[in-house]
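Working notes for the structure below.
The values are calculated or read from the model by the stated rules, or taken from the named source; none is laboratory data. Please read all numbers here as calculations on a predicted model, not as lab measurements. Cβ sites come from the backbone with ideal geometry, for glycine too, and all protein chains shown count toward neighbours. Each accessible area value is taken on the protein alone, full model and side chains, heavy atoms only, with ligands, DNA and RNA left out. Shrake-Rupley method; radii C 1.70, N 1.55, O 1.52, S 1.80 Å.
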Amino acid sequence: AFANESGGYEIRNRYFKGCIAPKDISIRRIRDGPSTECAVFKGFIDYLSALTLGILNRTDAITLNSVSNVNKAIPHLRDYATIHCFLDNDVAGKTALAVLTKRLGTKVIDRSTLYSGYNDLSEYLTQNLQTI
């Protein structure tokens, strides 16, 4: 289970994918003081995949827990100088990226090219475990 900002939990295992309400974003701050960078993920499995791959270095993270929560993340993202988006390579992920880019401008960077050919970062990790 992965806690969110409203006291709910995202729950995942091999057989079940769900939420203990309320549904909300999850924020992970790496340090106590201000950070200049934040990474955005659709789900916490992608966040955990990024940690496994070592691509988060002193970077705060926001997990949307659903692309429908993208607007909830915007107030939390405004003060960051750089926003790395690790969203899905599908219509919903591209739509969420477009919303973030429209609202936050050029500080939003699409990182989905790192796993092009895969739907998301976790799929990339599981398909490439032998080579990583």
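Are there strands (runs of 3 or more DSSP E) fully within the range 19-132 with at least 2 residues that are touching a helix residue (DSSP H, G or I) at 6+ places or on another chain (Cβ under 7 Å) and among the hydrophobic types (A, V, I, L, M, F, W, C)? List them.
37-41, 60-63, 82-86
Within the bounds of the range 78-90, is there any residue that is surrounded by fewer than 17 Cβ atoms within 10 Å (Cβ to Cβ), free of Cβ contacts under 8 Å to residues at least 24 places away in the same chain and not acidic (D, E)?
So far as the range 78-90 goes, no, none of its residues is surrounded by fewer than 17 Cβ atoms within 10 Å (Cβ to Cβ), free of Cβ contacts under 8 Å to residues at least 24 places away in the same chain and not acidic (D, E).
Filter the range 1-25 down to residues that are basic (K, R) and loosely packed, with under 12 Cβ neighbours inside 10 Å and give me whichever is farthest from the chain's Cα centre (by Cα).
Out of the qualifying residues, it is R14.
T59 versus (1) on the phi < 0 side of the Ramachandran plot; (2) open to solvent by less than 70 Å² (accessible area, probe 1.4 Å); (3) polar (S, T, N, Q); (4) in contact (Cβ under 8 Å) with a residue 40 or more places away in the chain: which is the lone unmet condition?
(4)
Within the range 110-126, can one find any residue that is surrounded by 13 or more Cβ atoms within 10 Å (Cβ to Cβ) and of a type in the set (V, I, T)? Walk me through it before giving the result.
Residues of the range 110-126 that are surrounded by 13 or more Cβ atoms within 10 Å (Cβ to Cβ), as a first pass: 110-112, 114-115, 118-125.
Going one step further and asking which of them are of a type in the set (V, I, T), we end up with none.
No - not one qualifying residue is present in the range 110-126.
Starting from residues that are in contact with a strand residue (DSSP E or B) (Cβ under 7 Å, 6 or more places away or on another chain) and surrounded by 19 or more Cβ atoms within 10 Å (Cβ to Cβ), keep the ones in the range 65-76 and report whichever is farthest from I45 (Cα to Cα).
A73
Name every residue in the range 19-53 that is of a type in the set (D, E) and within 22 Å of N71 (Cβ to Cβ), in order of residue number.
Our first condition is that a residue be of a type in the set (D, E); within the range 19-53, this holds for 24, 32, 37, 46.
Once the filter is applied, which keeps residues that are of a type in the set (D, E) and within 22 Å of N71 (Cβ to Cβ), the range 19-53 yields D24, E37, D46.
For L48, state whether it is touching a residue at least 40 places away in the same chain (Cβ under 8 Å), surrounded by fewer than 18 Cβ atoms within 10 Å (Cβ to Cβ) and more than 13 Å from the chain's Cα centre (by Cα).
no
Can V99 be described as touching a residue at least 12 places away in the same chain (Cβ under 8 Å), more than 22 Å from E10 (Cα to Cα), surrounded by fewer than 17 Cβ atoms within 10 Å (Cβ to Cβ) and hydrophobic (A, V, I, L, M, F, W, C)?
Here the answer is yes, as V99 does meet what is asked.
Between residues in the range 12-38 that are more than 29 Å from D79 (Cβ to Cβ) and residues that are assigned to a strand (DSSP E or B) and open to solvent by less than 100 Å² (accessible area, probe 1.4 Å), which pairs lie under 6 Å by C-beta distance while being six or more apart or on different chains?
G18/I11; I20/Y9
The rows are residues; the columns are (1) farther than 19 Å from S122 by Cα; (2) touching a His at 6+ places or on another chain (Cβ under 6 Å); (3) at pLDDT 95 or above.
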site: S6; (1), (2), (3): yes, no, yes
site: N13; (1), (2), (3): no, no, no
site: F16; (1), (2), (3): no, no, no
site: A50; (1), (2), (3): no, no, yes
site: T59; (1), (2), (3): no, no, no
